[in-house]
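Inspection log for the structure reproduced underneath, given as structure tokens.
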Amino acid sequence: MNTKGISIKHISKNWGDVQALDNVSLEIEPGSFTTLLGPSGCGKTTLLRSLAGLEEPNAGELWIGDKMVFGNEGAVFVPPKKRNLGLVFQSYALWPHMTVWENIAFGLKLKEYNAQEVKELVEEHLNIVGLSGYGYRYPSELSGGQQQRVSLARMLSVSPEVLLMDEPLSNLDAKLRVSLRAELKRIHKTTGLTVVYVTHDQIEAMSLSTHIAVMQNGRILDYGEPDRVYQNPSTVFVADFMGNPQINLVSSTIVEKNGKNLAQSQDGTWEVEVEAFDVAPGDSVIVGFRPEDTILELSDDSPLKVDTVQKTGPDLLLTLLVDGNEIIARTDKHSGFAMDQCVTVSIPPELINLFNPESKKSIERNGSSGNNF
Amino acid sequence: MNTHSISTSQGSGTKLSWKLKRSLRRLGSTEGLVALFVIIILIYFIVLPLIFIVYESLSVTVDDLRKLPHASVGDLTLHHWIRTFTSWSRFFKPLLNTFIVGGGATIAITIMGLSLSWVVALTDLRFKRVIGFLCVLPYLMPSWAFAMAWIEVFKHQGVGRSTGFLTYYTGIQAPDWFVFGPLPIIIVSTLHYFPFLYLMVKASLENIDSQLEESAELLGASRFLILKKITMPIVAPAILSAAVLAFSRVMGTFATPALLGAPARFTVLSTQIYSLTRFGRMSEAFSIALALIAFSAIVIYINNRFIGTRKSFATIGGKGTKQNLFRFGKARTPISLVILILMFILIILPLLLLAYSSFMRVVGDWNLSNFSLHWWIGAGDPKLAEGESGILVNPAIWRGAFNTIRVALVAGLMCGVFGLFIGYSVVRLRGTKVAYIIDSIGFIPIVIPSIAFGAVYLSLYAIPRPFLPMLYGTFMLLVFAAFAKRIPYTTRTGVSAMHQIGVELEEAAKLMGAGLVLRFRKIIYPLARPGVIAGILLVITTTVRELSLFILLMTPGNRVLTVQSLTYSEIGAQQLSNALMTFIILLSLVLAGTVKTLESKSKRKG
């Protein structure tokens with residue numbers, strides 16, 4: 001497969017006073033599925049459009065494979081059509097006055113394939129996206145999901161070296177999103193293409209990607225494999241952004257008990273062992289743990305009380321008040337917890353994260369090299 | 001409980017009586033009452049006049065008795081239709097001329113409107129604000145302002161007029177066909193109507209999702225190919241639609257062909273209706289009016305059926321990324337300057353010359369020594385223009401101005417209130433036949449050219465009619481005509497205003513016991529007010545510059561300014577006519593400016 005990796009080196013972009021991208025660097029491996037994840041306005045779309053050549057950064061270098069497409073202080077700028085990449089838009093951007101067939105054939109004709117090859121390639125790609133027989137229809141006669149498939153086929157048909165996608169599923173309803181996610185995954189597997197994918201939906205990012213780059217305010221805060229980013233986020237922002245329900249964050253102080261370091265909530269109602277971390281008694285920390293990683297046990301002596309119970313179907317979501325703030329625990333629907341029960345909350349040591357309350361960055365474990373990329 | 005017992009006891013008849021009761025209940029409801037009122041008004045002011053001209057064109061009049069000895073007055077006859085629609089000079093020649101003028105102007109409008117909308121919307125042209133303003137300015141003025149300016153510039157003794165600007169300064173006498181006839185009508189109509197296409201196409205170009213063009217760019221298309229294969233096809237329906245509507249406007253226009261066609265004996269359908277009416281041959285005038293209405297209706301039907309809806313490419317609300325503007329590069333400033341100067345020569349210069357000619361004491365003498373305020377503030381001089389005094393000190397003009405504003409104001413208020421009622425019944429009864437009928441009738445006046453509309457009102461109310469006294473020569477006749485002709489405008493603003501008022505707001509008041517009048521006063525009107533006011537202002541601004549609708553309805557006692565201006569031109573008092581036109585243009589611009597300011601204010605509020 002003729003796919004390329006991407007190097008983003010110190011890219012900055014600003015519109016007047018607004019800093020859209022602030023010295024962003026990222027190495028994207030060939031054949032990977034990399035998601036730029038972040039809230040709206042974080043710069044992810046600007047970065048994607050810069051890759052496509054639809055925006056011109058103010059500084060830095062962009063490489064696709066071993067070809068520089070932007071750099072040398074702007075002296076090098078390869079126009080979009082020479083970058084050999086595909087871009088799928090949120091709004092599908094299908095040409096409304098052309099049939100599905102014509103939409104896909106447009107790029108092929110520009111690549112000077114002959115009529116027979118165009119016909120074969122259009123049919124092949126309609127087949128790949130499961131829309132054989134829809135060629136004669138106009139975009140307005142298709143559902144949103146079908147339109148997005150056509151948009152994908154249109155960009156895949158010209159065999160790009162890299163495929164870019166800008167929130168391609170955001171205009172679709174929830175059910176369709178799940179099925180198209182599976183389809184995107186299948187297409188990524190069969191084509192082996194390098195995909196750069198932009199979304200604000202962390203579930204999409206988790207389920208699709210081989211790598212996730214979490215962005216905020218024009219910077220990349222964390223970059224790595226989805227499981228790592230989810231389980232050991234590099235900053236409080238990343239921890240908070242990933243996961244629904246959100247991660248629990250409890251402001252605590254390190255205390256020593258029986259020779260072991262414990263993180264204790266400010267009101268003293270809850271504590272957890274943090275032996276694995278490089279901290280000393282008296283330190284202030286933020287303890288972060290995921291709702292599904294909690295272990296609850298009934299205990300009449302515990303000062304923690306179940307405040308509310310929500311049934312979601314597969315799970316129970318319990319809220320407890322620690323230090324006046326809610327923490328959420330997710331347990332099995334058969335666990336049978338009820339309101340006003342007193343419980344203890346513990347967390348397996350390897351699933352605990354500690355953050356520095358000032359820098360908001362994660363605190364390293366003893367002996368680990370950390371995940372600060 | 002009552003209905004229940006009836007429905008069980010009456011077997012097969014129950015369904016019908018249920019339905020009847022339900023309809024009656026509905027009719028008795030607020031929506032029903034308002035709808036009933038609206039329909040009655042619409043029938044009285046739009047449907048009956050239409051039926052009336054069909055009937056009049058098909059019945060025997062006193063004048064016909066000579067030719068139809070066996071008939072008696074009021075009998076049905078095809079006499080007028082046959083006389084009209086088999087005649088070359090009466091019908092087919094004006095028809096052909098109408099299509100020549102309409103077709104020629106439409107082509108020119110499309111070229112001019114399209115290129116200007118492209119440079120303003122999609123390039124990095126300089127002076128965009130000024131050029132954009134010059135592109136809508138003609139539309140805010142009376143349609144025949146450019147026709148009068150044309151005459152001032154190109155007239156000469158060779159065509160039986162005084163010396164124009166061109167001849168005075170260069171000695172060149174423009175050929176007759178250039179001064180009067182189809183060509184100047186086409187040029188002048190183009191200058192007046194191109195803004196219409198410009199605005200529609202520009203809006204369409206600006207609303208294209210730029211991602212459609214970016215996709216093509218990524219796939220390797222050049223800028224020219226993108227323009228040809230993506231941009232233009234997407235806006236094509238808008239262009240076509242605007243062109244078709246512009247054609248129907250030019251077809252129905254009266255004043256320009258009257259001023260520029262008549263001296264060359266060049267007649268179009270609208271001027272033919274006028275002269276037939278002037279000669280009292282109403283039945284034939286009505287026959288031609290019907291034909292004109294039919295053509296107009298066909299054109300608009302074609303637009304709505306085949307262009308407007310099916311092929312409209314509503315763009316999906318993507319991210320509103322900024323359009324990538326076409327760059328002229330080094331040519332940017334020169335090109336911008338050329339366009340700016342060209343627009344200045346085409347739009348501003350004629351108007352300046354028109355205004356200047358009103359300061360010439362002796363007609364045809366363009367020398368500065370002839371400069372005079374006589375026609376503006378001078379007392380009457382028996383040697384000039386039958387002793388008429390300057391327009392600002394002329395009581396007849398002040399009466400005309402007062403009359404113009406009074407008609408516009410009353411018609412505007414009536415339209416505003418009535419538009420709210422139309423909006424109320426159409427929106428509240430959405431999906432029912434009643435709403436459809438109201439909506440459709442409310443649209444009809446669009447397809448009736450103003451001159452035909454005036455002719456109908458002239459005949460219909462020349463004698464007393466049920467509920468109304470004889471209206472000929474009265475102020476109210478002008479008001480009714482202006483009101484009825486502009487119902488489509490207020491339908492649009494009224495419906496869109498009502499769309500924004502949820503039915504729950506009114507229902508909540510209903511549950512607290514508020515009656516119909518109270519609900520309109522306290523809930524509906526305050527919420528719909530911006531829309532209602534917009535509708536009123538639209539009617540006022542367009543009525544002030546209206547001529548075709550009123551020209552047939554005029555009597556010396558109830559003149560409006562536009563008609564006064566044309567009358568001065570007819571009696572040879574060209575400077576007075578031009579002075580008055582200048583005054584009307586200024587009035588129109590002030591009104592349009594006021595509307596714009598009010599609109600942007602209310603937008604900021606809401």
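The values are calculated or read from the model by the stated rules, or taken from the named source; none is laboratory data. These numbers come from a predicted model, not from an experiment. Positions of Cβ are backbone-derived with ideal geometry, glycine not excepted, and every protein chain shown enters the neighbour counts.
Of all the residues in the range A:121-135, those that are farther than 14 Å from residue A:156 by Cβ and acidic (Asp, Glu) number 0. Looking only at the range B:464-479, residues that are on the phi < 0 side of the Ramachandran plot and touching a residue at least 24 places away in the same chain (Cβ under 8 Å) come to 6 in all. Scanning the range A:204-242 for residues that are under 21 Å from residue A:10 (Cβ atoms) and among the small types (Gly, Ala, Ser) gives A:213, A:218, A:224, A:234.
Condition first: part of a helix (DSSP H, G or I) and crowded, with 24+ Cβ neighbours inside 10 Å. Now tell me which residues in the range B:260-273 satisfy that. Break it down stepwise before answering.
Start the filter on the range B:260-273 by keeping residues that are part of a helix (DSSP H, G or I), which leaves B:260-264, B:269-273.
Across the range B:260-273, the qualifying residues are B:260, B:269, B:270, B:272, B:273.
Take the residues in the range A:155-210 that are among the hydroxyl-bearing types (Ser, Thr, Tyr) and within 14 Å of another protein chain (Cβ to nearest Cβ), then tell me which one is surrounded by the fewest Cβ atoms within 10 Å (Cβ to Cβ). Step by step, filter the range A:155-210, then rank; the result is A:170. Go through the residues of the range A:254-271 one by one and say whether even a single one is in contact with a Gly (Cβ under 7 Å, 6 or more places away or on another chain), of a type in the set (Val, Ile, Thr) and surrounded by 15 or more Cβ atoms within 10 Å (Cβ to Cβ). Yes, the conditions are met somewhere in the range A:254-271. Just give me the residues in the range B:96-135 being in a helix (DSSP H, G or I), farther than 19 Å from residue B:147 by Cα and polar (S, T, N, Q), in sequence order. Of everything in the range B:96-135, those that are in a helix (DSSP H, G or I), farther than 19 Å from residue B:147 by Cα and polar (S, T, N, Q) turn out to be B:110, B:115, B:117.
Examine the range A:198-212 for a residue that is assigned to a strand (DSSP E or B), under 18 Å from residue A:91 (Cα atoms) and modelled with pLDDT of 90 or more, and state whether such a residue exists. Checking the range A:198-212: at least one residue is assigned to a strand (DSSP E or B), under 18 Å from residue A:91 (Cα atoms) and modelled with pLDDT of 90 or more.
Go through the range B:49-97 and give me each residue that's in contact with a strand residue (DSSP E or B) (Cβ under 9 Å, 6 or more places away or on another chain), closer than 30 Å to residue B:247 by Cβ and either surrounded by fewer than 16 Cβ atoms within 10 Å (Cβ to Cβ) or without any contact (Cβ under 8 Å) to a residue 40 or more places away in the chain (or both). Passing the criteria: B:55, B:58.
Would you list the strands (runs of 3 or more DSSP E) that sit entirely within the range A:33-128 and hold 1 or more residues that are more than 23 Å from the chain's Cα centre (by Cα) and closer than 30 Å to residue A:226 by Cα? Step through it out loud before you land on a result.
Numbers: elements: A:33-37, A:59-64, A:67-71, A:85-88.
It comes to A:59-64, A:67-71.
Of all residues in the range A:78-109, those satisfying the criterion of being surrounded by 15 or more Cβ atoms within 10 Å (Cβ to Cβ) and out of contact with any helix residue (DSSP H, G or I) (no Cβ under 8 Å at 6 or more places or on another chain) are A:78, A:84, A:90, A:99, A:102.
Yes or no: residue A:88 within 13 Å of chain B (Cβ to nearest Cβ), farther than 17 Å from residue A:152 by Cβ and touching a strand residue (DSSP E or B) at 6+ places or on another chain (Cβ under 8 Å)? Let's see the steps before the verdict.
Working: within 13 Å of chain B (Cβ to nearest Cβ): yes; farther than 17 Å from residue A:152 by Cβ: no; touching a strand residue (DSSP E or B) at 6+ places or on another chain (Cβ under 8 Å): yes.
No.
Counting only strands (runs of 3 or more DSSP E) that sit wholly inside the range A:257-373, those with at least 2 residues that are of a type in the set (Ser, Thr, Tyr) and either closer than 25 Å to residue A:225 by Cα or touching a residue at least 24 places away in the same chain (Cβ under 8 Å) (or both) are A:343-346. Filtered by the rule that a residue be closer than 18 Å to residue B:161 by Cα, out of contact with any helix residue (DSSP H, G or I) (no Cβ under 7 Å at 6 or more places or on another chain) and in a helix (DSSP H, G or I), the range B:329-369 gives a lone residue, B:356. Among the residues of the range B:552-561, at least one is part of a helix (DSSP H, G or I), crowded, with 18+ Cβ neighbours inside 10 Å and of a type in the set (A, V, I, L, M).
I need the full set of residues from the range B:198-213 which are touching a residue at least 60 places away in the same chain (Cβ under 8 Å) and within 14 Å of chain A (Cβ to nearest Cβ), in order please. Within the range B:198-213, B:207, B:208, B:209, B:210, B:211, B:212, B:213 qualify.
In this structure, is residue A:26 assigned by TED's automatic domain parsing to the domain that holds residue A:213, under 25 Å from residue A:216 (Cβ atoms) and without any contact (Cβ under 8 Å) to a residue 40 or more places away in the chain?
no
Residue-by-condition table, conditions (1) within 30 Å of residue A:52 (Cα to Cα); (2) within 13 Å of chain A (Cβ to nearest Cβ); (3) not in a helix (DSSP H, G or I):
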| site | (1), (2), (3) |
| --- | --- |
| B:138 | no, no, no |
| B:161 | no, no, yes |
| B:174 | no, no, yes |
| B:177 | no, no, no |
| B:196 | no, no, no |
| B:224 | yes, yes, no |
| B:228 | yes, yes, no |
| B:237 | no, yes, no |
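When you scan the range B:420-521 for helices (runs of 4 or more DSSP H) that lie fully inside it, which ones turn up with 2 or more residues that are under 21 Å from the mean Cα position of the chain (by Cα)? So that I can check it myself, show each step before the final result.
Values: elements: B:433-443, B:450-460, B:475-485, B:487-499, B:503-511, B:516-519.
Answer list for the range B:420-521: B:433-443, B:450-460, B:475-485, B:487-499.
Scanning the range A:55-74 finds no residues that are aliphatic (A, V, I, L, M), within 26 Å of residue A:147 (Cα to Cα) and within 14 Å of chain B (Cβ to nearest Cβ).
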